[in-house]
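Structure record follows, encoded as structure tokens.
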Amino acid sequence: MILEDVSSWLVWILPLIASLFVPLIAKYSAKARNYFAVAISVITAGLALSLVPGVFFGSGEATSTSVAWITGISAGVFIDPLSVLFTTLVAFFGLIIAIYSLGYMKGEEGLTRYYFLLLLFIGSMIGLVISDNLIQMFIFWEMVGLCSYALISFWYKRPESVRAGTKVFIMTRIGDIALLAAIGILFTMFGTFSFHGIINGIQTAATAGTLDTGLLVIAAFLVLGGAIAKSAQLPLFTWLYSAMEAPTSVSALLHAATMVKAGIYLLARFILIFSVAPVLIAALQPLWFPVVTWIGVLTAIIGATLALTTTDIKGVLAYSTISQIGFMMAGLGTAVEGAASIGWFASLFHMISHAFFEGLGFLLAGGIIHAIGTRDMRLMGGLKKTMPISFILMAIMIITTSGLPPFAAFFSKGLIITSVTDAGNLIQIILLYATTAITFAYSVRMFSLVFMGKESEHLKKQHVHEAPKVMLIPAMILAGLCIVWGLAEPLVASFMHVSLETSLLGAFTNLETPIFLSLLIPTGLIAYYSYYKNYQGVRNIAAGKNPLTTILSHGYFFDDVYGGIARGISNVSDGVRRFEGMISLFPQKFASTIIHLANEVHVYLDVYADKSLDKLINVLANKTLTGVSKMKKAPSTSLRNYIAAAVLGFILIAILIILTIGV
Amino acid sequence: MIFEILAVGLIISAVLALFLDEVIYSVAALAGTFFFTALIYVLNGAIFAAIFQFAVGVGTLAILFLSGEMLGDKPTKKTSPKRTGALIGAGAVLSLPAIFLSVSGATGAAASNISFGDALWNVRGLDVILQALVILTVALGIAIVLYEKKKGGK
Amino acid sequence: MVEILDISLPIISLIISALLTIPVFKIVRKSSHKTALTLGWFIVVFIIAGATVANLALTYYSIANPGLLNLTLNGGASSIISSSFLVDAISIYMAIIIVAISAVVVIYTVFFVNSNERPSDRYFAIMLMLTAALLGAVLSGDLLTFFIFWEAATAAAAFLMMYRKNAFSLNATLKYLVMVIIASAFVLFGLSIVYGITGTLNFIALRDALTTIAVSDKSLLILAFVFIAAGYAIEAAIVPFHFWLPDAYTAAPAPSSAFLSALVDQGSYYILIRILLYIVIPKGPNATLDWTFMLAILAALTMIAGNIFALIQNDVKRLIAYICVADVGYNLIAITSYTSLGLIGNLYFFLIGGITTALAFMVVGIINKHGFKTLEDFSGIGKKLPLASLALVIAGLSFIGVPPLGGFMAKYLVFTSALQANLSWLAVIGVLTSVLQAAYLFRLIHYMYARKSKDATVIKESKRILIPIFILAAALLVLGLFPQLVLNLLEPATRQLQLITPLP
Amino acid sequence: MDFVILSLVMLAVGIYGLLTNRQLLKVFISVELIATAATLNFVILASAAGVGLGEAFLILAFSTDTAISGVILALLVIVAKKYGTSDISKIVQLIQDKDESEVEA
């Protein structure tokens, strides 16, 4: 147990501390720096693995240790199947990417910054999933956002990269606010930030019958908002496509293990917390869970259709991630019984298989981009001959992605579809089936565009070579995992302390499987023929100008709408700037009113001295006129406005005090 | 009765000091304000305060007068007698509240019979030393401000 | 036991070194190692000042369970009316941060202002005088003593502002001085009434007197409170009294802006804390006057107005000046909450806010020196002056409250205290305006890194001047990661403020 | 006869002068009036708590205030020398006309 205690702390502290040493070691030698990063990743992965047996053979109950950090906040670790699952995945993937970067980032500028941020990124993500309280989690949540901002704009000399990084940071910050608000609500309700404290608070209040479910439902929606922004779900998914400006190794890490998975972790964690009180689940069931499912299902199909049209090879993978995470959300939306329900386990299981096949896809795409120097798939083609190993691995990847048996995604996706079939409604089921079909279509399309057909003009000009070994080996490991992972389902289930009703064999004999396969074959054929065999019919439709292609090529107009909103905001702020005068003029107006009054008073005083009635009218008219014209000519003298504002504030203080005291 | 007269005079001279257009008259009215204040102090038994008010007042007035002349803002118009009368009337009206209204309270303090010298040098001795700090700062600052005069301006 | 000498030593040592600075500069100008000699002189000065402050702190904490120590020249019956010093955890904390930040800013100034330039010796002397006056102000135990120290500080601040004597700085200084003199007249007016009804101006005696005040004196007390609050609100630049601040900080030379934002601002918050938390008690059985609602409204106004005005600025220095205004709002939340967490958060925010604004002004000063002023000018600065830009980015992220920088912990403490006090609406406004901060600061970062600069001139970055800047940047990071360093110092303060319920 | 109200009236007159007057000299006079109002309070109201102490307070507070006023006067002289007028609005106009390059960091 002592080993576990130590490693549960070291596993996130070590990368964080080690990242600080990267610049020091870089001074000594560049090679040492690279291998240092890899070595740290190896140790981290080992530490993460050492946590697995304890959970596997343990009771599945959560344990946590914490030390006080500052008043009200403690730093701690929270060990349960969920956190260890994520920790292991992140640490493992960090290792894969660190090795891959040795080849992919070779000869780049600013590698010290890269490895520093990489280790920081891994450490923060592990810190996020292993935190035992909301504040610590939020700090790492922010740090993950910050690291991804810095890594996405790694090539900071390219303005697009910086713009993409900024977009990511601002869009995900919308979610951060929602999460922060949720944390605020939970803190005011239970007076603590720790998970155990909140769980206890919910249980005590539920047994006493004093649980304010209304407020908790609001908190749950705010948590959902945070997860949507971080995990690139509807309607905040557009940042993920822009994030493709990052180096491909970073994209792989971002998609497979870190940034976007943080939202899934958040939802899974909160479903666990909320499921301790049946009364709370009952309150969430009518609205919250269906909303989660619907967001997942709609994101899945929108992402898949967008992947069908983009010409950027990394874009296909990005939209594919959006779509697959939609599946996970859909699964989580059916998890009304917490960890006991099949949807919860299904989405986590799919999360891991997605990490494998999407990571594989990115590693291969990185190799291809590395070799031919473009991301445009129209310039590729016929790579089958020149990059044979990549070709085979990519074949494995697309088979897994589409969910063909017996590879990993067949089981994980099947479980999600089963859970939605059990709990969801007909439209959701049909949409999910359609999405799997489209998934197959875009995978085949990408595959045929890149590897099949003749070599394009672009490729003929350059010497294309297979990716170096150091990049292929991580990909091979992932490909192997893609193949066998599905069979590990019972093992993972017992690790998560979940009992599955359907056996492994049952998956093949299910009703879903035939529907599934029968859908895949025609779509696959259409895609294959339209791109590989140059069957013009479908291509014409896809290339022609019809509503469908317009919608798809504009990405469902989401970015246009956001652009419109941003333009609107900038218009408004222009307006505000134009009226800056008006805002700051308020005290001036106040002052000029007083001056006006002063003039009037002077006039009346003069009149009083005059004592003559007809003169009174004359003087009144004349003086008022001259007074007003004088005032108009008077330029704005700001000092007087400042004094006027101060007097105004003085009156404000007096009024407020008197209001409070009630004199 | 004497207090009421002083109060009316104080407010009238204050109003005049503010609203007379010629610098000389306005400074003269301010001198009146100081004079009335000092008289009020004397009648309340605060002789030293009166002396101090007078001394500072004279100094201030001299500087004001000098700078007023030096600034050389010649008023564009002269204040009409009508207007002067109106200002005096306004001052008189303004001083009425002080004569007829009153605020309750100000009774809770315990009287401590310390003589002025004792109070200034023994009880608040520290603050007197602090004045030196203020004056030192101001002197240093004025040295910055007036520095470029030696060079003959920028 | 703390003697009055222990308190006056740091003040006296600073005043004497201020006076010595002028002859020292006479000697320095003749030598060939001007910068090194001036630097050495100020290091010696601050080592002495630091040692005396450390002596004070150690003597104070050598007492077991120290309380509020009221020290007067002559004890006995007249102690409540004589001028006095007050030593407690807060004033010691303030003294330490004043000396520390002042040291860093003065070292920056050594590199920034050419010591050959003629009145620069007086400029440095004024800086030391200002430090001395602020030290005295935070250690004073009597409203009038505080007032006099504070006037010395404002006079010094005014001279710091108009060092360059161009049209803008003269204009701004004039505005500042007029506002300050109105403020001091207001305060004086309030003080006279307070003295009239209670017979004392001593902090501790005043608190005791106010808890037993007669009902008939209540209306006078309200009058006095409104005057004093308005007076110090002008000094602390609370909206709508803030107008002088952006003008003044923009027109002042960069070291002055850094100095004023980090120290003079904090001094004015300090007196607000003293008056609002220690003297005029808003809640509980001994309540004098409930000011919390008033202050909550002002806090909200300050946060909103400060950030909105910052949003529409085009001049970067002015933008940072408006952030200073917004920071006042966040500080006010903490006072408003009237909890011990709020007190801790407020004092922590002093330090972090002071360091951050000082850092930002110092960096902007360097960049402005090369002729870049507006947002458009800042395009591509990231490539031209990489190190300075990095420091500015760190300051910006700390303003937004990005962990693990100090700004996050400060905002966290402040907002949590608002939640504790059931002022969640205030915390919500705080969070939303922080988002606004993120918007305009990221616009700045966007300009710095994503835009191409118009001219391709290469600028050689001076390395020496970056040393004090990176000291502050490192302090932000260290304090963000290990807030306990500061919070331990503050912990006695919550125990000394018995009327606030202590932390669970 | 109530001195609190008397000094309040003085204060009001002073603030009114601050709001309406454009000449720096008059601004200065307004400030003097406000300070006088405060000191009036100190001596008269505070005499209930002992005249001697009230006087001491007055002298300390008033001299500090005067020192700051002195700074304003010094500034005033500079401004007048530089721009040939003490009319705030004219100075602002002059400053706006001035080349921005004069502003240093």
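The values are calculated or read from the model by the stated rules, or taken from the named source; none is laboratory data. On a predicted model such as this, the values are computed, not experimentally measured, just so you know. Neighbour counts are summed over all protein chains in view; Cβ atoms, including those assigned to glycine, are modelled from backbone coordinates with ideal geometry. Accessible surface is based on the protein model in full, side chains and every heavy atom, while ligands, DNA and RNA are left aside. Shrake-Rupley method; radii C 1.70, N 1.55, O 1.52, S 1.80 Å.
Annotations
- Neighbouring partner chain Cβ atoms per residue of C:155-161, average, 10 Å criterion: 6
- Note on chain C: with neighbouring protein chains present and a 1.4 Å probe, carbon and sulfur make up 68 percent of its accessible heavy-atom surface.
- Exposed loop sites are taken as GluC sites (Glu not before Pro) in a DSSP loop (any state but H, G, I, E or B) with at most 11 other beta carbon atoms within 10 Å; the longest stretch of chain C without one runs C:118-504.
- Charge context of residue D:45, other residues only, Cβ under 15 angstrom, K/R +1, D/E -1: -3
- Solvent-accessible area lost on pairing A with C (1.4 Å probe, both sides summed) amounts to about 4800 Å².
- Positive-end ranking of C:33, C:94, C:9 along the dipole of the stretch C:1-151, with charges on Cβ about the Cα centre, is headed by C:33.
- Structure-based [θ]222 nm, chain C - -39500 (n - 2.57) summed over DSSP H runs of at least 4, per residue, nearest 500: -24500 deg cm²/dmol
- Pairing chains C and B buries close to 3100 square angstrom of accessible surface in total, based on protein heavy atoms and a 1.4 angstrom probe.
- Using a Förster distance of 30 Å, the FRET efficiency for residue C:452-residue C:370 (Cβ separation, nearest 0.05): 0.95
- Chain pair C, D: total accessible area buried, heavy atoms, 1.4 Å probe, Å²: 3900
- If you take the alpha carbon atoms of the stretch A:94-167 and fit the smallest convex hull around them, that volume is 83 Å³ per residue.
- Shielding by other protein chains, B:35-42, mean Cβ within 10 Å: 3
- Prolate/oblate/rounded label for the stretch C:189-312 (Cα gyration tensor, a/c 1.5): prolate
- Neighbour net charge for residue C:250 - beta-carbon separation under 11 angstrom, K R +1, D E -1: +1
- Using equal-weight Cα scatterers in the Debye expression, the normalised intensity of the stretch C:1-122 in log10 at q = 0.17, 0.19, 0.23 Å⁻¹ is -0.87, -0.99, -1.28.
- Chain C: DSSP helices with Cα axial extent of at least 27 Å and average Kyte-Doolittle hydropathy no lower than 0.5: C:4-30, C:34-61, C:89-112, C:120-139, C:167-198, C:292-311, C:316-337, C:340-369, C:424-450
- The Cα center of the stretch A:1-41 and the Cα center of the stretch C:139-195 differ in position by 54 Å.
- Where the Cα pairs of chain C fall when distances are cut into 10 Å bins, in %: 4, 20, 31, 27, 13, 4, 1, 0
- A Förster radius of 35 Å combined with the Cβ-Cβ distance from residue A:160 to residue C:16 puts the calculated FRET efficiency at roughly 0.05.
- Whole-number accessible area per residue in Å² for chain C, which is evaluated in the context of all protein chains at 1.4 Å: 27
- For the stretch C:326-458, the Kirkwood hydrodynamic radius from C-alpha pairs, put into Stokes-Einstein at 37 °C and a viscosity of 0.692 mPa s, yields a diffusion coefficient of 210 µm² per second.
- Phi angles of the stretch C:275-289 translate, via the Karplus equation with coefficients 6.51, -1.76, 1.60 and θ = phi - 60°, into HN-Hα couplings of 5, 7, 8, 9, 10, 8, 8, x, 9, x, x, 9, 4, 9, 7 Hz per residue; Gly and Pro are given as x.
- Net charge of neighbours whose Cβ lies under 14 Å from the Cβ of residue B:98, counting Lys and Arg as +1 and Asp and Glu as -1: -2
- Cβ-placed point charges (K, R +1; D, E -1), dipole of chain C about Cα centre in debye, nearest 20: 1740
- Rounded to whole Hz, the Karplus (6.51, -1.76, 1.60) HN-Hα couplings of the stretch A:283-295, x for glycine and proline: 6, 7, 4, x, 10, 5, 4, x, 4, 4, 4, 5, 4
- Chain C, relative contact order in percent, only Cα pairs under 8 angstrom and at least six apart counted: 14
- Normalising the average separation of contacting C-alpha pairs (under 8 angstrom, six or more residues apart) by the number of residues puts the relative contact order of the stretch A:207-268 at 39 percent.
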